[in-house]
Amino acid sequence: MSSAVGQLSLRYWWRKFKSATMMGATVAATLLTLVPLFWVLGYLLKQGLSGIDLAFFTSLPRPVGEKGGGMGNAVLGTLELVTLATVMAVPLGVSAGLYLTEPGRNGLMANAVRFAADVLMGVPSIVIGIFVYALVVRPMKTFSALAGAIALATMMAPLVVRTTEEAIKLVPLELRESALALGVPRWKTSLFIVVRTAARGIATGILLALARIAGETAPLLFTAFGNQFWSTSLTRPIAALTVQVYTYAISPFPEWHRQAWAGALVLTGMVLIVELSVHMLTGKKVRAPR
Amino acid sequence: MAKLSLVHLSAYFGRVKTLKDINLDIPEYNVTAVIGPSGCGKTTLVRCLNRMHEVVRDARVEGEVLLDGENIYAPGVDPVQIRRRVGMVFQKPTPFPTMSIEENVIAGLKLNGSVRNSAQRAEIVERCLRLAALWDEVKDNLGKPGTSLSGGQQQRLCIARALAVEPEVLLMDEPCSSLDPASTARIEELVLELKSQYTIVIVTHNMQQAARASDYTAFLLNGVLIEFGETKQIFTNPKRQETEDYITGRFG
Amino acid sequence: MELKPLEREPALRDPSQPLAGTVRHRALAHRWPRLKVGVPLSEFVFDGITGAAALTVVVLLLAVTTVVIIEAWPAVGRFGLRFLTSTDWDPANEQFGALPFIYGTVVSSLLALAVAAPFGIGVALCLSEMAPFWLSDILGFLVELLAAIPSVVYGLWGIFVLGPWLRDYVEPWLGRYLGFLPLFRGPRVAVSLLSASAILAVMVVPYVSAVCRDVFSAVPASLREAAYALGATRWEMVRMAVLPHSVSGIVGALILGLGRALGETIAVAMVIGNRPAISASLFMPSTTLASAIANEFTEATSDLYVSALIELGMVLILISLLVNVTARLLIYNLTRRRFSS
């Protein structure tokens, strides 16, 4: 009779060894993958923290050679751009997501929309920049906050469509049916019962999409363009944190590099706070679409 | 004698206790049926017998399960070894979709490297498929995918696959629940044939099946073992009121 | 026949209510709408609005593609296919050839993917099959963070940290042991094709691993359990149940990662050196389609120059459409199979 613990066949130990090795290899891959995360975050803190003070948020960039200055206009600009993009993309995205989750939407149109949203997420952001440049900047004959916001909204909309769809899909069909059985019209059921039930999921999806587009640089380069001064006008170029960090990073001036690190720290901080709070609030139920 | 003994066995999913302090001796070379209303812990009970319970998130076990007198939950015991000795057939047939019928039968053995040549391989495949009463139906199509078979055939393929590793115990978790009556009858016959060589534990929600195919019956209610005894005694002369209520169809 | 007021709406009456009705019941009855044929206006408006929004998404994708092609047309007409094969990029003389950009894009992305693929798949396996559940939650979150860091931050880190580190430690090592290959010969500079590939690899790993995780979670639990029940070790379970079921999904994930790398702009623009020439060495500066557009677009002086840059964008979007459509089809196929079986 063989023992439960015994049976020391060579083959058995080889199998255990192979399993442990492969398991170890995947753990090693994971740890190695996380090295850049801590490397980046560590450098951001080391180089950026000293550049962050009140002036960073309240003053304008200074010309080369002058000490001090900040990125207040860029912080404000990013907030404005992201807010505008959200105002444009969320109603569109949530409506389209609603369309996809109405019962019986599995036809050609719905699949085409899902497919288009997924492919649109994969379109390089710089191309979105070209698109908005041709459609908005050139007719208006100026770079503008509006153009920047439209570019960001174009990137945000498909994200919102897909997260809305995912969130609503989690609402049990029975809930929808029981509302319909009470005589509630279909549109009211969808809008006030289904969406309200899924609201948390939709909101976190929007937050994640927001964090994503707040970090975009490429589509802003020739739409919002950047601005060294305070501006909130829709029809004038506007500063953005990402563009400012980019401009400063590729400049030859150490003082600007210091500012770039501080800007990058603020930017990353904003993004990570959103990610962290979404994770805390929802566990891992809601994830950014890929 | 007892092949498997459950000693003060409790099982949890997170904070929910699904099995409560079960003590039970499962006799060797017999068929033991586990019956009870749905959600009573039947499936959890058999999954504890080959350490499949712990595969699920947040699942854990307290107490002991003795296999030939040795605790399979003792520290240092490898579940892989236990599962080799205690085979399992699931509720739904689960042939590996990318493997042929032949490869499915041999899948477990191949892990052990105990298939040396093609002659031996062919012999094992034939023997196991014959044991599972499937040989005559598939002998000309061994290269076809396992998923091309009908539901009942797939389930018998899974039984053949489980038998190929020559386990000592065979656990069957409602093996007929997704099958038609004809396939169910074949599998019941099979169970009766196999018990001379294996210790079999079969979970079923079908009391006729338990009465037909088993020698001993355990009745479970809300995670508590209410009664255990010879099948005949349980169905003709239950000692406990709950058992009587259940088998006479008063609830469940 | 004469209809009495109450008999008009019997179909709307709740059958569980007594027919006679209370006073309240009767009072309400007057406000009930008549039975109408067809869709009520409110439904029509609702479907109209949501349908229009959904259609907008499709239109956006088509519009982006069309606008880029239209804008690129002057350059397409002027240079024809020569645009794709010429290495001459000379704005001053209005000579534009895209080959160095295509080369840089393809090489940096493929190199990045070659590094990212084993890591991405490894991470996904670790998170979904290997690590205990609590650990996999934490590690999974950290890997997600890696995807959340803005690309301009990666670029900044690439300029000042990763690039110099590669130059000082990795390039000498590669040169010493693999220097017989032209790939690893040449001057050591911080801005290079190698730096760009390295940074792309870091950015693509979380992407590949996230899609692979979804693909692995589409493997039915019953298959995993069947493998375990046969006495498989963890790795054998992965080989028997998880990987065979996931092949097309993994390929999809890798292609999706490739698409991400092809289109990445800012981080690459910051570390690749932006030199429109093809050289065998990975240590030399290079350029990509996306980074060239980012760098030169606002400086482009002539219409033809702008159009040529947009044609780079056209090549880019056509490549990335091809890549994304392929990847999505592979992944959809897999998830659909999950529902049918």
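The contact between chain C and chain B removes approximately 1800 Å² from the accessible area (both sides summed; 1.4 Å probe; ligands, DNA and RNA excluded). In order along the range C:173-186, the Karplus-derived 3J(HN,Hα) couplings, from 6.51 cos²θ - 1.76 cosθ + 1.60 at θ = phi - 60°, round to 5, 4, x, 5, 9, 10, x, 5, 8, x, 4, 10, 10, x Hz, and Gly and Pro are given as x. First select every other residue whose beta carbon is under 10 angstrom from the beta carbon of B:Tyr246; then total the charges, Lys and Arg +1, Asp and Glu -1. Around B:Tyr246, the surrounding residues sum to -2. Of the trypsin sites (Lys or Arg not before Pro) found in the range B:1-45, those in coil by DSSP whose Cβ has at most 10 other Cβ atoms within 10 Å are B:Arg15. Need one word for chain A: rounded, prolate or oblate. Basis is the Cα gyration tensor (sqrt eigenvalues a ≥ b ≥ c); a/c below 1.5 gives rounded, then a/b vs b/c decides. Taking the square roots of the gyration eigenvalues as a ≥ b ≥ c, chain A is oblate.
The local environment of A:Val271, defined by Cβ-Cβ distances under 14 Å, has a net charge of -2 under the rule Lys, Arg +1 and Asp, Glu -1. Relative contact order of chain C: 24 percent, from C-alpha pairs under 8 Å at least 6 residues apart in sequence.
Placing +1 on the Cβ of every Lys and Arg and -1 on the Cβ of every Asp and Glu, with nothing else charged, gives the range C:224-308 a dipole about its Cα centre of roughly 440 debye. Relative contact order for chain A: 26 percent, from Cα pairs under 8 Å spaced at least 6 residues apart, divided by residue count.
Taking amide H positions as modeled 1.01 Å from N, with prolines and chain starts lacking one, the residues under 5 Å from B:Ala33 and 5 or more places away or on another chain are B:Ile202, B:Asp215, B:Tyr216, B:Thr217, B:Ala218. Given a 1.4 Å probe and every protein chain left where it sits, what share in percent of the accessible area of the range A:46-184 is carbon and sulfur? About 66 percent, which is the carbon plus sulfur part of the accessible surface.
Annotation: amide H of B:Ile226 within the under-5 Å range of B:Phe219, B:Leu220, B:Leu221, sequence separation 5 or more or interchain, hydrogens built in the peptide plane. With a Förster radius of 41 Å applied to the C-beta separation of A:Leu170 and A:Ala28, the computed FRET efficiency comes to 0.70. Shape of the range B:59-217 from the C-alpha gyration tensor: oblate (a/c of 1.5 or more and a/b not above b/c, with a ≥ b ≥ c the square roots of its eigenvalues). Computed with a 1.4 Å probe over protein heavy atoms only, the accessible area of C:Leu330 comes to about 50 Å². Model label sites at C:Arg82 and B:Ser10, defined 7 Å from Cα along the beta-carbon direction, differ in position by 8.5 nm. This model, with +1 at the C-beta of Lys and Arg and -1 at the C-beta of Asp and Glu, gives the protein assembly as shown a dipole about its Cα centre of some 520 debye. Remark on C:Ala300: its backbone amide H falls under 5 Å from none of the residues 5 or more positions apart or on other chains, H modelled at 1.01 Å from N.
Taking 28 Å as the limit for the C-alpha separation, the pairs B:Lys195/B:Lys232; B:Lys3/B:Lys232; A:Lys18/B:Lys17; A:Lys16/B:Lys42; B:Lys92/B:Lys139; A:Lys18/B:Lys144 exceed it in the case of A:Lys18/B:Lys17; A:Lys16/B:Lys42; A:Lys18/B:Lys144. Applying both filters, DSSP loop and at most 10 other Cβ atoms within 10 Å, to the trypsin sites (Lys or Arg not before Pro) of the range A:56-117 gives A:Lys67. Accessible surface computed residue by residue for chain B, with neighbouring protein chains in place and a 1.4 Å probe, gives 41 Å² per residue. Using a probe radius of 1.4 Å on heavy atoms only, what accessible surface per residue do you get for chain C? Whole Å² is fine. With the other protein chains kept in place, chain C gives 44 Å² per residue.
Taking every alpha-carbon pair under 8 Å whose residues sit at least 6 apart, chain B reaches a relative contact order of 28 percent.
Whole-Hz Karplus values for the range B:179-192 come out as 10, 7, x, 5, 5, 4, 4, 4, 6, 5, 4, 4, 4, 5 Hz, taken residue by residue from phi with 6.51 cos²θ - 1.76 cosθ + 1.60 and θ = phi - 60°; glycine and proline positions read x. Taking Lys and Arg as +1 and Asp and Glu as -1, the other residues whose beta-carbon sits under 11 Å from that of A:Ile193 total +3.
Taking each residue as 0.36 nm, the span from B:Glu54 to B:Asn237 lengthens on full extension beyond its C-alpha to C-alpha distance by 62.2 nm.
Of the residues C:Ser42, A:Ser231, ranked by 1.4 Å probe accessible area with the largest first, the sequence reads C:Ser42, A:Ser231.
Here chain C is treated with +1 on each Lys and Arg Cβ and -1 on each Asp and Glu Cβ, and its dipole about the Cα centre works out to around 1060 debye. Remark: the A:Phe253-A:Gln228 segment gains 7.4 nm on full extension, using 0.36 nm per residue and subtracting the alpha carbon distance. Does anything in the range B:42-63 have its amide N under 20 Å from the 7 Å Cα→Cβ label point of B:Lys17, and if so which residues? Taking a point 7 Å out along Cα→Cβ of B:Lys17, the residues of the range B:42-63 whose backbone N falls under 20 Å are B:42-49, B:53-54, B:58-63. The calculated FRET efficiency for B:Asn222 paired with A:Ser277, based on their beta-carbon distance and R0 = 41 Å, is about 0.50. Taking the centroid of alpha carbons for each part, the range B:136-184 and the range C:42-103 are 56 Å apart. Modelled this way, with points 7 Å down the Cα-to-C-beta line, the labels at C:Arg188 and B:Asp215 are 7.7 nm from one another.
Remark: accessible area buried at the C-A interface is about 7700 Å², both chains counted, probe radius 1.4 Å. Quick one: pull the percent of accessible area on the range C:201-262 belonging to carbon and sulfur, 1.4 Å probe, ligands and nucleic acids left out. After summing per-atom areas, the C and S share lands at 61 percent. Sparse packing (at most 10 other Cβ atoms within 10 Å of the Cβ) combined with a DSSP loop state is found for the following chymotrypsin sites (Phe, Trp or Tyr not before Pro) in the range B:219-251: B:Phe251.
For the range A:77-240, a/c is not less than 1.5, where a ≥ b ≥ c are the root eigenvalues of the C-alpha gyration tensor, and a/b tops b/c. That puts it in the prolate class.
The values are calculated or read from the model by the stated rules, or taken from the named source; none is laboratory data. Since the model is a prediction, treat every value here as computed from it, not as a measurement. No Cβ is skipped: glycine too gets one built from the backbone with ideal geometry, and neighbour counts run over all protein chains shown. For the accessible areas, the whole protein counts, side chains as well, though only heavy atoms, and no ligand, DNA or RNA atoms are used. Shrake-Rupley method; radii C 1.70, N 1.55, O 1.52, S 1.80 Å.
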